[in-house]
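K.L.:
Dropping the structure in here first, questions after.
The values are calculated or read from the model by the stated rules, or taken from the named source; none is laboratory data. None of the values given here were measured: they were computed from a predicted structure. In this analysis, Cβ positions are derived from the backbone assuming ideal geometry, glycine residues included, and neighbour counts consider all displayed protein chains. SASA here: full protein model, heavy atoms, side chains in, ligands and nucleic acids out. Shrake-Rupley method; radii C 1.70, N 1.55, O 1.52, S 1.80 Å.
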Amino acid sequence: MPPEPLLQVRNLRCGYGRIEAVKGVDLEVAAGEIVALVGGNGAGKTTLLRAISGVLPVGSGTIRFAGEPIERRRPDERVALGIVQVPEGRQLFGPLSVLDNLRLGAFRRGRARTRVNLERVFALFPQLAERQDTPAGTLSGGQQQMCAIGRALMAEPALLLLDEPSMGLAPFLVEQILETVVRLRAEGVTVLLVEQNAVAALSLADRGYVLETGRIAYAGTGRDLLGDPVVQEAYLGV
Amino acid sequence: MAEFVQLLFAGLTTGAVYALVALGFTLIFQASEVVNFAQGEFVMLGGMVTVFAYNAGVPLPLAALLAVVVAAATGTLLHSLAIAPAKGATVVTLIIVTIGASILIRGLAQIIFDKQFHALPAFSGDEPLRVFGAAILPQSLWVLGGSGTIVLGLWLFMERTLLGKAVRATAANRLAAELVGIDTRLVLTLAFAVSAAIGAVGGILVTPITLTSYAVGTLLALKGFAAAMLGGIGNPVGAVVGGLVLGLLEAFAAGWISSTYKDGVAFLVILLVLFALPQGLLGRAAVGRV
Ligand SMILES: Nc1ncnc2c1ncn2[C@@H]1O[C@H](COP(=O)(O)OP(=O)(O)OP(=O)(O)O)[C@@H](O)[C@H]1O
Ligand SMILES: [Mg+2]
């Protein structure tokens, strides 16, 4: 790993009121990596991503992005820095058109960049171009996920936080979405990927972390974790 | 015929003001799900600040501009000092906060201004226009034209500008709005400021006809709320339609039945909507989350 990771989380604690959902997590993502974050229901994966994107305040600990502490920054400032989250459950702007959803994704990027990024997203997901004038809420599940990812790409992420992008999708769509993740990395986007589908996520990731009730239980390369008998039994259903 | 046209114009004129109040309600409700019962105070501020600035020698257009700025600043303060800190509070709590704010604003207005009724000169004279035998005040046309312009301007802002879409996005899904880099707190402050400015313009336009005092806000808030409910709360087109319909109902109730019942119409409308038409005429806004 390079000396200065793109994202460095140190001893992070956060939660909801008195419920502490993340209990002292250390995690790093180097530039250009795909890192998978797996774990059971309620392990704290979403909570961790929300703390990194800033929509959930940090209890204690530090988050550094490109060397800079960001844990006190507002979410919109973190987007401007290049940290962009695709939230669990898509969270599109339902009544607004697909095109407006995408344009809003580039809210911090200006007109010229919006046009360039829009072409890029339409090239990646041609279906979105066809349905650009329909309200996002009426798209099919797969198209909604494309719209959610597309909207995030409009912001030109340096670090893309993906929360269960394959949830509720048919197998061929899951494959398409995961292929997209690999393709994005090839284009220079660093990815932190949360997945229920642990085998698929670890197979395409460089490294992975297993989260267990708010703590990192295992960490290693994707291949090591896939081969670890304990991890296999607890998380991979092998 | 003459009487009908007379009542029609009277109804549309007050209705336009109710529509502006209802639009203010709608804008804030859409963006934050707060029902802002201080909305009527912005109308009061519009009229009162203009009156006092004008009487102090400020030219009318500048006095009106000052009033809009004062109202918008008050709206901004209302959000930053009272609504934003109560993040996570229930809807009922927030309603009580806005009622408290409206009492405070009214009390301050009573101290800073006075308890008298005040008039403004009509913008283009008092010579009535004859339309089908009815006498129409030129100021009525100012109210209708001004309100129409505001409605159109707001529509263009919400539909055609990225900032307007950011307001709609915040209304549709606050979390997602934050994740695309919208400063949602700023958007909500903006919604309060714009709502206040819209209310103030209504107050300025209508003061030459109806007079104003520190206390006019309460009844206007109620009627604007009735109009918003009638149109389907959270629905901007509904707010305008609801306002006009309420104004017309009032005018015709006053003209054909008795003016004693004029203010009762709004309460009747609220009750009817609550019991018979909970979605309003045009349906509640689809504040749908995906
Ligand atoms: N809004 C909330 N309020 C209170 N507790 C919450 C909230 N959201 C999550 N939690 C709790 O925090 C813990 C971690 O939840 P989180 O959503 O981060 O898990 P997760 O790993 O993303 O699970 P899943 O795989 O089901 O998405 C759980 O115990 C959950 O019940
Ligand atoms: Mg989750």
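K.L.:
Among the numbered criteria (1) of a type in the set (S, T, N, Q); (2) within 14 Å of another protein chain (Cβ to nearest Cβ); (3) surrounded by 22 or more Cβ atoms within 10 Å (Cβ to Cβ), which single criterion is violated by B:T161?
P.N.:
The single condition B:T161 does not satisfy is (3).
K.L.:
OK, next. From the set of residues in region A:33-50 that are more than 6 Å from ligand 1 (Cβ to nearest atom) and within 13 Å of chain B (Cβ to nearest Cβ), which is most open to solvent (accessible area, probe 1.4 Å)? Break it down stepwise before answering.
P.N.:
The initial filter retains those residues of region A:33-50 that are more than 6 Å from ligand 1 (Cβ to nearest atom), namely A:33-38, A:40, A:48-50.
Checking which are within 13 Å of chain B (Cβ to nearest Cβ) leaves us with A:49-50.
Details: A:L49: 0, A:R50: 56 Å².
Selected residue: A:R50.
K.L.:
Moving to a separate point now. Give the residues of region A:97-108 that are more than 7 Å from chain B (Cβ to nearest Cβ), in a helix (DSSP H, G or I) and open to solvent by less than 10 Å² (accessible area, probe 1.4 Å), sorted by residue number.
P.N.:
Listed by number, the residues that qualify are A:V98, A:N101, A:L102.
K.L.:
Which residues, counting only those in region A:198-238, are within 16 Å of ligand 2 (Cβ to nearest atom), at positive phi and small (G, A, S)?
P.N.:
A:G214
K.L.:
Evaluate the following for A:L153: is it assigned to a helix (DSSP H, G or I) and more than 12 Å from every other protein chain (Cβ to nearest Cβ)?
P.N.:
So A:L153 fails the test.
K.L.:
While we're looking at this one, here's another question. Test A:V55 against the criterion of being assigned to a loop (DSSP other than H, G, I, E, B), within 8 Å of chain B (Cβ to nearest Cβ) and either out of contact with any His (no Cβ under 9 Å at 6 or more places or on another chain) or surrounded by fewer than 17 Cβ atoms within 10 Å (Cβ to Cβ) (or both), and give yes or no.
P.N.:
So A:V55 passes the test.
K.L.:
Going by what's in this entry, would A:G89 be described as in contact (Cβ under 8 Å) with a residue 12 or more places away in the chain and under 25 Å from A:Q196 (Cα atoms)?
P.N.:
When the stated conditions are applied, A:G89 passes them.
K.L.:
Among the residues of region B:185-194, is any over 13 Å from the mean Cα position of the chain (by Cα) and assigned to a loop (DSSP other than H, G, I, E, B)?
P.N.:
Scanning region B:185-194, I find no residue that is over 13 Å from the mean Cα position of the chain (by Cα) and assigned to a loop (DSSP other than H, G, I, E, B), so the answer is no.
K.L.:
Next up: B:G234: within 15 Å of the chain's Cα centre (by Cα) and closer than 23 Å to B:G146 by Cβ, yes or no? Don't jump to the end; show me each part of the working.
P.N.:
On the way: within 15 Å of the chain's Cα centre (by Cα): yes; closer than 23 Å to B:G146 by Cβ: no.
It is false that B:G234 is within 15 Å of the chain's Cα centre (by Cα) and closer than 23 Å to B:G146 by Cβ.
K.L.:
All but one of (1) in a helix (DSSP H, G or I); (2) buried (at least 16 other Cβ atoms within 10 Å of the Cβ) hold for B:I233; which doesn't?
P.N.:
So the condition that B:I233 fails would be (1).
K.L.:
Scan region A:190-197 and give yes if some residue there is open to solvent by less than 60 Å² (accessible area, probe 1.4 Å), assigned to a loop (DSSP other than H, G, I, E, B) and within 16 Å of ligand 2 (Cβ to nearest atom), otherwise no.
P.N.:
Checked against the condition, which is being open to solvent by less than 60 Å² (accessible area, probe 1.4 Å), assigned to a loop (DSSP other than H, G, I, E, B) and within 16 Å of ligand 2 (Cβ to nearest atom), region A:190-197 yields at least one hit.
K.L.:
Confirm whether A:I83 is among the aliphatic types (A, V, I, L, M), within 11 Å of chain B (Cβ to nearest Cβ), farther than 23 Å from B:R168 by Cβ and more than 16 Å from ligand 2 (Cβ to nearest atom). Walk me through it before giving the result.
P.N.:
Values: among the aliphatic types (A, V, I, L, M): yes; within 11 Å of chain B (Cβ to nearest Cβ): yes; farther than 23 Å from B:R168 by Cβ: yes; more than 16 Å from ligand 2 (Cβ to nearest atom): yes.
Criteria met by A:I83.
K.L.:
Give region A:109-139 a look and list any residue that's within 12 Å of chain B (Cβ to nearest Cβ), open to solvent by 50 Å² or more (accessible area, probe 1.4 Å) and under 22 Å from the mean Cα position of the chain (by Cα), or say none.
P.N.:
A:R109
K.L.:
Related question: Of the numbered conditions (1) among the hydroxyl-bearing types (S, T, Y); (2) touching a helix residue (DSSP H, G or I) at 6+ places or on another chain (Cβ under 8 Å); (3) within 12 Å of chain B (Cβ to nearest Cβ), A:S166 satisfies every one except a single condition; which is it?
P.N.:
(3)
K.L.:
May I pose another question? Considering only residues that are within 16 Å of ligand 1 (Cβ to nearest atom) and open to solvent by less than 10 Å² (accessible area, probe 1.4 Å), which ones fall in region A:165-189?
P.N.:
Once the filter is applied, which keeps residues that are within 16 Å of ligand 1 (Cβ to nearest atom) and open to solvent by less than 10 Å² (accessible area, probe 1.4 Å), region A:165-189 yields only A:P165.
K.L.:
Spot the failing condition for B:F192; the list is (1) within 30 Å of A:R74 (Cβ to Cβ); (2) open to solvent by 20 Å² or more (accessible area, probe 1.4 Å), and only one is missed.
P.N.:
So B:F192 meets the others, but not (2).
K.L.:
Oh, and also: Could you grab me the full set of residues in region A:58-75 that are hydrophobic (A, V, I, L, M, F, W, C), assigned to a loop (DSSP other than H, G, I, E, B) and without any contact (Cβ under 8 Å) to a residue 60 or more places away in the chain?
P.N.:
Initially, region A:58-75 is screened for residues hydrophobic (A, V, I, L, M, F, W, C), giving A:58, A:63, A:65-66, A:70.
From what's left, assigned to a loop (DSSP other than H, G, I, E, B): A:58, A:66, A:70.
Matches in region A:58-75: A:V58, A:I70.
K.L.:
Of everything in region A:36-49, what is under 29 Å from B:T184 (Cα atoms) and near ligand 2 (Cβ under 9 Å from one of its atoms)? Give them in sequence order.
P.N.:
Passing the criteria: A:G42, A:A43, A:G44, A:K45, A:T46, A:T47, A:L49.
K.L.:
Among the residues of region A:76-96, which ones are open to solvent by less than 20 Å² (accessible area, probe 1.4 Å) and more than 16 Å from ligand 1 (Cβ to nearest atom)?
P.N.:
Result: A:D76, A:R78, A:V79, A:G82, A:I83, A:V84, A:L92, A:F93, A:G94, A:L96.
K.L.:
Right, here's the next one. Can you tell me which condition B:I83 does not meet? The list is (1) open to solvent by less than 50 Å² (accessible area, probe 1.4 Å); (2) closer than 20 Å to B:Y214 by Cα; (3) of a type outside the set (S, T, N, Q), and all the others hold.
P.N.:
So B:I83 meets the others, but not (2).
K.L.:
Return yes when A:R78 is over 28 Å from A:L56 (Cα atoms), within 13 Å of chain B (Cβ to nearest Cβ) and part of a helix (DSSP H, G or I) and no when it is not.
P.N.:
no
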